[in-house]
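So the structure is just underneath, and the comments pick up after that.
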């Protein structure tokens, strides 16, 4: 999908976006990052890019810091409180001893990173949250999005930031950083050592990554031989129709789920001693009546991803096509993301009404949803260009509407997470800094 940038090639025209973005960023930072990313996109696709790459990276770093501050300046509750208790109890001591002494220990990776950050932040709880979140944002922007698409990375970051679930980093801390490491591994296939290292970090920070073991194994298989194998073609056809059947069944099932069923499931979990802490987490969201939300907006956006994926052209992966040929790493990434989408979306549909359980099981899809749109942007599609462009416009409009609804909902009385003490639209960058200093 190609955007016509010929009308925005002069310095004057391009820097209008930068000027507007800085003004908005000073007044309302979390909204100001959006025009700043548009400037980065236009700038990176202009003939002057080599001269301005340092500026683009500086803006991305500024956006990462801004998002980090926004995510961490929240009320401490639920999962976040449990992580801070473990952080204080560990007190920068030997992480192995911290892991062994905990009654219901987190994965060992949490204690190693928490002990290191305790020393770096001098025991500051806000410093711990900010450092943890910054690692997630920095890797998402500079490693994942840039690794997936050199041309459209700024748009991918924009789509990621328009998704409210991405701002739950200080709540689902282990899942977020584990998912980030996992995605970093997928885009680091050229260096197998780096790839294995990121996979290791993802697993030791949250064992749920083992759900994607087939995708992990796929990173070390000859993808060209796999695509050309007859059994693979038959298997892919079977999986395609099986996935459609599961999608339909899960969609119907998600609408038949009622509050009584949810309560029954939570009671069953409570009866298992080793899993009782999960029920306690669920009780928090049931109390706040979040179980009935059903992630409707995410359901629509996930359906949009499926719509684009179904219409991907097979020409992307035909070896005899001399005009358009993908590298083995690009093919492997595409297959991995397609498999990841199918697995995550089915889990999401089956658990859509079970309070925040979908986020725990389908975090990569729901929170990093923006990166999945690299395929319709980068690859050939069976859709006509006009239809494809109109679809992207509709998608962008829905994402922007959902983002501003999220901001408005958290500006009302008694929000669930209470970002910036509820003053989202009235907090300037100075207020962000002052609030961070006061809580340090």
The stretch 295-317 residues that are on the phi > 0 side of the Ramachandran plot and crowded, with 19+ Cβ neighbours inside 10 Å, paired with ones that are at pLDDT below 80 and not in a helix (DSSP H, G or I) (beta carbon under 7 Å, 6 or more apart): 295/352
Picking from 114, 64, the residue that is touching a residue at least 40 places away in the same chain (Cβ under 8 Å), under 19 Å from residue 136 (Cα atoms) and part of a helix (DSSP H, G or I) would be 64
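What number of residues within the stretch 67-94 satisfy the criterion of being closer than 19 Å to residue 419 by Cα and either in contact with a strand residue (DSSP E or B) (Cβ under 7 Å, 6 or more places away or on another chain) or assigned to a helix (DSSP H, G or I) (or both)?
13
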Just a yes or no: is a residue in the stretch 146-161 in contact (Cβ under 8 Å) with a residue 60 or more places away in the chain, under 20 Å from residue 219 (Cα atoms) and not in a loop (DSSP other than H, G, I, E, B)? yes
Hey, could you check the stretch 185-200 for residues that are surrounded by 19 or more Cβ atoms within 10 Å (Cβ to Cβ) and over 17 Å from the mean Cα position of the chain (by Cα) and say which is farthest from residue 327 (Cα to Cα)? 195
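The values are calculated or read from the model by the stated rules, or taken from the named source; none is laboratory data. Being a predicted model, the structure only gives us computed values, none of them experimental. Because the Cβ atoms are built from the backbone with ideal geometry, glycine has one as well, and the counts that use them run over all protein chains shown.
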